[in-house]
Each structure stands twice: as C-alpha cells, then as structure tokens.
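S.K.: Structure in structure tokens, see below.
The values are calculated or read from the model by the stated rules, or taken from the named source; none is laboratory data. Everything quoted here is computed from the prediction, not taken from an experiment. Every residue, glycine among them, receives a Cβ derived from its backbone with ideal geometry; neighbour counts consider all protein chains shown. Just so you know, the surface numbers come from the protein's heavy atoms only, side chains and all, with ligands and any DNA or RNA stripped out. Shrake-Rupley method; radii C 1.70, N 1.55, O 1.52, S 1.80 Å.
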Amino acid sequence: MKTLLIKNAFVIDPIQHISGETMDIAVRNGKIVDDVKNPDEVIDAQGMLTLPGGIDSHTHICGTKVNFGRYMSPEDMRAGRTSRKGDMHATAGYSVPTTYGNSYRYSRMGYTTLLEGAMAPMEARHTHEEFRYTPMQDCLANTLFDGNWFALQAIQDGDTKRLAGILAWYLSAAKGFGVKLTNPGGTEAWGFGKDVSCINDPIPNFDITPLEIIVKMIEANEMLNLPHSVHLHCNNLGKPGNYMCTLDTYDAIPDINDKRQSLYSTHVQFHSYGGSSWNDFCSKAEDIARSVNDKPHIVIDTGQVMFGKTTTMTADGPMEFNLYRLYHNKWSNHDIEMETGSGIIPVVYRKKNLVNAIMWAIGLELALLVDDPWRCILATDNPNGAPFVKYPEVMALLMSKEYRDKEFETLHKSTGRRVALPAIERELTWDEIAVMTRSAQARALGLIDYGKGYLSEGAEADIAIYPIDVDSTDPARDYERIINGFSTTEYTIKRGEVVCRRGTCTLEGNHSTYWVKPHVSPAYDMSKDAAFIDGFNRYYSIRRANYPVGEEYLGRNVCMETEASI
Ligand SMILES: [Zn+2]
C-alpha cells in the first residue's frame, strides 16, 4: 500500500468549491485520503498551481481512422519524432502521433483521462488495442450510432424502447462509453453518394429525419441511465451558413435529465458559420452562444482551430469529401457497413487565409461569450482544429486580451470585419480555465461518481502540479508564462503514482478503460431477439458471435453498470 503526501499545494478544485487554497493532499493506494502517517514519498508543491488531472472529453487518439491518418502521412510521422529515453518508448508523429506519443504528450500537460471521440462498433477492437498502449491515461470511447441500420429501423418504427435495447447491446459489445452521433443520417446518405443539409431532410432508405434520430437517441440514452448524454456532431459541419442548422437543432433538444445536460454538442466552432458562400463567410458565434446561454441542458465544446499543419479525421464521410474538393489534397473515405463512415484529410490552417482566420476567432468567441464555463469545454477536436499540444496557447489566449490582440494583428486584414472577437474584453480566470479543462468534463461525462475531476477524500489521485506561481503571475500580461507553465507539469500523478516529471515520463500509469453495461429486461435483450439476430446474420459480413470485443482486449478496465428503465 503506497502513500504519498503533497505539501503546500496551491489548489484550485472547482467541484469542491476550492478557489486557490494552500493545502496538503494525502494519497493512499491510488486514492485521496484524509491523512497519511510516514508517507513513502513527499512532494513539496510550494508555489505551484495544483489541479485535478486534465480530462479531454473529445479527442481522436486511437482506432482505425487515427491509424489510417498515421500511415497516410509519413511527413507527419517524421515531424514529431522523439527517441527512446529511460522508460520512454520512441515516438513519432506530430498531428497524429503514435499511441505512446499521444500518451506522453498529454501526460506532460497534466492530462490523465481521455475520451476517444468516435469509435465504430464494428472496428472497436482496434481502438481498445490502442487504448492499452496509451499507458498514462484512462480511456473511454464514444460509440457511433449515426447510421446504424437497426437503430434507424427502430426509430422509423417509433419504438424508442427497442432503440434503447439496441444501444445497450452495441455499447456492451463494443465496450463503448457514450452514444455518439456524427452528422446523423448524413453518414448513412453518404453510403449512397448523398448527404443531408439540415435536420429536416429525409434520409435515404428510411422514412425519418436527422431531428427524429437526435431526439429519439436522447430519449433512449436516458432510458439506459448512462453516465454521459448523447454526444452530437451536428449536421452540415464546416459549411457557410450552417449556424441556422445548429440553432434549429438546439431549439429541438428536450431537457430530460435533472442531473446533467441532455446534449453534449461537440466542436461547435465548425457549426457557427454565417454567410452564403466562402466569399461572405463570417462568424455567428454570438448567435450560437446566446442560444447556449438560454439552454442549461446543453453543454458544448469549442473545437478551437489553431494555425499550422494538422490532420482532419471524422466519421462524417460526406464532409471529408467536400473538404477534398476544396483542398485537392490526399484523401481517404471509408464506409463501415451497417453503421457509419469516415474520412481523413491533412490540412494547413494559415493566418493569412481569411476563412482560417475567421475560424480561429470563432472558437475563441464561443469560449468568451458562453457565460457559464461549466457548459463550454476547451477542446480542439484533436487533431481536427489543431493538435492537442496547442491547448496551453488556447488557455493563454482566453486569459489575455493583450495576447489575443497581438495575434489578431498578424491575421488576414479583413478578419476584423467578419468577427466579434476584437470587441470582447473578457479574460478568463484561473478558476474558469480549471473548469473548462477538467471539472466541466468530469461533470458532463458523468465521471464525478467514479472519483474523477476533484481532489478531496475518496477521489482518484489524478493530479497535475504546474510550475506556475499564481500569486506572482498576471495572466493578462504574462501569457508566455501561462503557455510554458501549462505545457509541462512539474509532476503529473496518475492513481497516486508520479508518471511524468518535468516532461519525462517515468512510469507506465495504472490506466484503465471505462465502458458501460446497461442492464435491460429480457424483452429488450437483443442477444435473444430473433429479428435482431436474423438481421445481423443477413446483413453483416461478420458473424454475431465474433462481433463483441472480449474483456481480454481491454486489460485493466472499469465496467460502469447501469439499470435501464426498459
Ligand atoms: Zn471529433
């Protein structure tokens, strides 16, 4: 039983309403406890900002499309090479690093939990195998249902309970965590060379609309009592004028869970576009933020774009095809039978490109115009908007108007006429940054009950200690110090063990995969449902017995069991 005492830490822990108190943190056997006598290890954190471990609630780090992004871009592999050092493996890749590359770089920034944003259930094995080699973080996977034929059929039949039974079977089979919808209906249409442009378009082969998919999925999600809400990538991503589709979607979301949000809307920057073409493209972040401010049952993440090279990857196949027609760069698209699709394109976001400059401003505007930081999460949709290593720069931009203005000066000169950013004075506080990088994620994902996102007795000892002296740092002026301080922790602690010290990872963490297993009544158990079994055997190219991911693929794991109401 190992014990650790962190002395004199300057703690911000928004879940516990601790806003900058100097205190000691005691750890026994991976958990935070009241006190330890004669600790095995003592860390003096005098003058250092100490936060719960960072949580990324939407990132693409593991699985088939991530891996395809790696071997599509040998130049990206060469861009981020690090050699073997001590216990650390060699790594490669900049925007799509190897699994160890992702894990070490996140750990260096104090991140201890990661949600893979999109896992196709049929290809879940690959995601779980890569989770095993992401050793410094707990991992969870959003599971894609946007084009699932059994789910779409249940929605067409108006049978929400059956839909819930189908979600339960797939989540358990794929060892998934949350229900993800990517361009609902659009990925199904893409299988036939089509797309949908908004929530009321008909979907090929089914007499339903994207809106019906979204609302029924939310109802089914809550029938299963899942920790997380439906996680939605709205229709019409990345197109001028798409903000109307986003607003229409938000207006239709029911508020049906009194413990947390009913909808998590991801990478909203890509869904906040005005204009009728790229010629009159402009920001509509103010309209989107106003709508979010009015709807306490919606949580968003920003999907910030930062300048430089990266790789876009998403289940939104038709969107990637559109991007290919824009860039004529190398490109991949993939259809996943019965379930969803995907696409990958490397891109470069440039300061002197007006569209890119506006995109950059929109992400910041969202973070500054949504009043409640608990409902606006900081993320780049790694690597779509930017590689996650840019997070410290995003934090500094949000904390310093001076830094924003300085950056703004370097952009395409017409940017100011298309965005609201220069007029926004708000500078986020330390507490707000802590909320937007860990506490809000823990609440939105339903992980507080599992000891994540806070630092009091009973919590998992996932802790980030940054070399930032809050008392002597004015973030509005010292933005370089913010960037450096949040880039490399003094200590990153995972389940009570120091796993990273000043950027050197010293130990493979006690990491786990978290997955859900909803218990449903026999009437909704799809493993015994004749129509489901018959449809599965008839239409899938894989046998049903071979489909579920066995627990042996997961290594250490936490099964989150829920009692469904069906
Ligand atoms: Zn994503």
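S.K.: If you check THR91, THR98, THR127, which single one turns out to be farther than 23 Å from ILE377 by Cα and within 16 Å of the ligand (Cβ to nearest atom)?
M.R.: Selected residue: THR127, the only one of THR91, THR98, THR127 that is farther than 23 Å from ILE377 by Cα and within 16 Å of the ligand (Cβ to nearest atom).
S.K.: So is GLY446 surrounded by fewer than 21 Cβ atoms within 10 Å (Cβ to Cβ), on the phi > 0 side of the Ramachandran plot, touching a residue at least 12 places away in the same chain (Cβ under 8 Å) and in contact with a strand residue (DSSP E or B) (Cβ under 9 Å, 6 or more places away or on another chain) or not?
M.R.: no
S.K.: Next question. Exactly one of (1) in contact with a Gly (Cβ under 9 Å, 6 or more places away or on another chain); (2) among the small types (Gly, Ala, Ser); (3) modelled with pLDDT of 95 or more is unmet by ALA151. Its number?
M.R.: (1)
S.K.: Which residue out of ALA124, ALA168 is out of contact with any Gly (no Cβ under 8 Å at 6 or more places or on another chain), part of a helix (DSSP H, G or I) and touching a residue at least 60 places away in the same chain (Cβ under 8 Å)?
M.R.: ALA168
Residue-wise test of (1) modelled with pLDDT of 95 or more; (2) among the charged types (D, E, K, R); (3) crowded, with 24+ Cβ neighbours inside 10 Å.
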| residue | (1), (2), (3) |
| --- | --- |
| GLY186 | no, no, yes |
| TRP190 | no, no, yes |
| PRO204 | no, no, no |
| ASP207 | no, yes, no |
| VAL215 | yes, no, no |
| GLU222 | yes, yes, no |
| TYR243 | yes, no, yes |
| LEU263 | yes, no, yes |
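S.K.: Do you know which residues across the range 50-60 are away from the ligand (no atom under 11 Å from the Cβ) and of a type in the set (Val, Ile, Thr)?
M.R.: Correct list: THR50, ILE55.
S.K.: Restricting the search to the range 265-285, which residues are assigned to a loop (DSSP other than H, G, I, E, B), open to solvent by less than 20 Å² (accessible area, probe 1.4 Å) and under 17 Å from ASN235 (Cβ atoms)?
M.R.: THR266, HIS267, SER272
S.K.: Filtering the range 67-96 down to residues that are within 17 Å of SER487 (Cα to Cα) and buried (at least 18 other Cβ atoms within 10 Å of the Cβ), which residue is modelled with the lowest pLDDT? First the steps, then the outcome.
M.R.: If we filter the range 67-96 for residues that are within 17 Å of SER487 (Cα to Cα), which is where we start, we get 80, 82, 94-95.
Those left that are additionally buried (at least 18 other Cβ atoms within 10 Å of the Cβ): 80, 94-95.
On the way: GLY80: 87, TYR94: 94, SER95: 94.
Out of the qualifying residues, it is GLY80.
S.K.: Yes or no: the range 312-322 includes at least one residue that is aromatic (Phe, Trp, Tyr) and in a helix (DSSP H, G or I).
M.R.: yes
S.K.: Still on this model: Do we have any residue at all in the range 298-320 that's free of Cβ contacts under 8 Å to residues at least 40 places away in the same chain, of a type outside the set (S, T, N, Q) and either open to solvent by 30 Å² or more (accessible area, probe 1.4 Å) or more than 16 Å from the ligand (Cβ to nearest atom) (or both)? Lay out the reasoning, then the answer.
M.R.: Filtering the range 298-320 for residues free of Cβ contacts under 8 Å to residues at least 40 places away in the same chain gives 320.
Of the ones still in play, those that are also of a type outside the set (S, T, N, Q) are 320.
Narrowing further to those that are either open to solvent by 30 Å² or more (accessible area, probe 1.4 Å) or more than 16 Å from the ligand (Cβ to nearest atom) (or both): none.
There is no residue in the range 298-320 that is free of Cβ contacts under 8 Å to residues at least 40 places away in the same chain, of a type outside the set (S, T, N, Q) and either open to solvent by 30 Å² or more (accessible area, probe 1.4 Å) or more than 16 Å from the ligand (Cβ to nearest atom) (or both).
S.K.: Looking at ILE55, ILE15 in this structure, which one is in a strand (DSSP E or B), β-branched (Val, Ile, Thr) and open to solvent by less than 40 Å² (accessible area, probe 1.4 Å)?
M.R.: Sole residue among the options that is in a strand (DSSP E or B), β-branched (Val, Ile, Thr) and open to solvent by less than 40 Å² (accessible area, probe 1.4 Å): ILE55.
S.K.: While we're here: Does GLY101 count as closer than 30 Å to SER332 by Cβ, open to solvent by less than 30 Å² (accessible area, probe 1.4 Å) and either in a loop (DSSP other than H, G, I, E, B) or touching a helix residue (DSSP H, G or I) at 6+ places or on another chain (Cβ under 9 Å) (or both)? Outline the logic, then answer.
M.R.: Values: closer than 30 Å to SER332 by Cβ: yes; open to solvent by less than 30 Å² (accessible area, probe 1.4 Å): yes; either in a loop (DSSP other than H, G, I, E, B) or touching a helix residue (DSSP H, G or I) at 6+ places or on another chain (Cβ under 9 Å) (or both): no.
So GLY101 does not fit the description; no.
S.K.: Checking the conditions here, which among HIS328, HIS334 is more than 21 Å from the chain's Cα centre (by Cα) and within 16 Å of the ligand (Cβ to nearest atom)?
M.R.: After ruling out the rest, the residue left standing is HIS334.
S.K.: Further question on the same structure: Could we say that CYS234 is away from the ligand (no atom under 16 Å from the Cβ), of a type outside the set (S, T, N, Q), open to solvent by less than 20 Å² (accessible area, probe 1.4 Å) and more than 18 Å from VAL516 (Cα to Cα) here?
M.R.: Answer is no for this residue.
S.K.: Six or more apart or on different chains, Cβ atoms under 6 Å: show the pairs whose first residue is in the range 263-274 and away from the ligand (no atom under 15 Å from the Cβ) and whose second is in a loop (DSSP other than H, G, I, E, B).
M.R.: Partner pairs satisfying both residue conditions: LEU263/SER229; LEU263/ILE253; SER272/LYS284; TYR273/PRO240; TYR273/ASN242; GLY274/LYS284.
S.K.: Still on this structure, I have one more. Taking the range 104-140, which residues are touching a helix residue (DSSP H, G or I) at 6+ places or on another chain (Cβ under 6 Å), within 17 Å of TYR547 (Cα to Cα) and open to solvent by less than 10 Å² (accessible area, probe 1.4 Å)?
M.R.: MET119, PRO121, ALA124, HIS128
S.K.: Hey, does the range 22-30 have a residue that's more than 16 Å from the ligand (Cβ to nearest atom) and outside any strand (DSSP E or B)? Give the derivation first.
M.R.: In the first step, residues of the range 22-30 are kept if they are more than 16 Å from the ligand (Cβ to nearest atom); the result is 22-30.
Of the ones still in play, those that are also outside any strand (DSSP E or B) are 29-30.
The answer is yes, given that some residue of the range 22-30 is more than 16 Å from the ligand (Cβ to nearest atom) and outside any strand (DSSP E or B).
S.K.: Here's a follow-up. What number of residues within the range 329-346 satisfy the criterion of being under 26 Å from LYS413 (Cα atoms) and surrounded by fewer than 20 Cβ atoms within 10 Å (Cβ to Cβ)?
M.R.: Of the residues in the range 329-346, the ones under 26 Å from LYS413 (Cα atoms) are 346.
Keeping just the survivors that are surrounded by fewer than 20 Cβ atoms within 10 Å (Cβ to Cβ) gives none.
Within the range 329-346, residues that are under 26 Å from LYS413 (Cα atoms) and surrounded by fewer than 20 Cβ atoms within 10 Å (Cβ to Cβ) number 0.
S.K.: So LEU398 fits all but one of (1) assigned to a helix (DSSP H, G or I); (2) surrounded by fewer than 21 Cβ atoms within 10 Å (Cβ to Cβ); what number is the exception?
M.R.: In the conditions (1) assigned to a helix (DSSP H, G or I); (2) surrounded by fewer than 21 Cβ atoms within 10 Å (Cβ to Cβ), LEU398 misses (2) alone.
S.K.: Restrict the check to the range 366-381 and report whether at least one residue is within 30 Å of ALA118 (Cβ to Cβ), acidic (Asp, Glu), out of contact with any Asp or Glu (no Cβ under 9 Å at 6 or more places or on another chain) and at pLDDT 95 or above.
M.R.: Scanning the range 366-381 turns up at least one residue that is within 30 Å of ALA118 (Cβ to Cβ), acidic (Asp, Glu), out of contact with any Asp or Glu (no Cβ under 9 Å at 6 or more places or on another chain) and at pLDDT 95 or above.
S.K.: Of ILE213, ILE300, ILE288, which residue is touching a Phe, Trp or Tyr at 6+ places or on another chain (Cβ under 7 Å) and not in a loop (DSSP other than H, G, I, E, B)?
M.R.: Answer to the check: ILE288.
S.K.: ILE43 - would you say it is outside any loop (DSSP other than H, G, I, E, B) and within 16 Å of the ligand (Cβ to nearest atom)?
M.R.: The answer is no for ILE43.
S.K.: Can you tell me which residues in the range 151-170 are under 15 Å from GLU222 (Cα atoms) and either open to solvent by less than 10 Å² (accessible area, probe 1.4 Å) or among the acidic types (Asp, Glu) (or both)?
M.R.: ASP159, LEU163, ALA164, GLY165, ILE166, LEU167, ALA168, listed by residue number.
S.K.: Among the residues of the range 132-154, is any closer than 23 Å to GLN261 by Cα, more than 16 Å from the chain's Cα centre (by Cα) and away from the ligand (no atom under 16 Å from the Cβ)?
M.R.: So the first thing to find is which residues in the range 132-154 are closer than 23 Å to GLN261 by Cα, and the list is 138-146, 151.
Next cut, more than 16 Å from the chain's Cα centre (by Cα) only: 145-146, 151.
Right, trim to away from the ligand (no atom under 16 Å from the Cβ) and you get 151.
Yes.
S.K.: Let me ask another. Tell me yes or no: at least one residue of the range 282-296 is within 14 Å of the ligand (Cβ to nearest atom) and at pLDDT 95 or above.
M.R.: no
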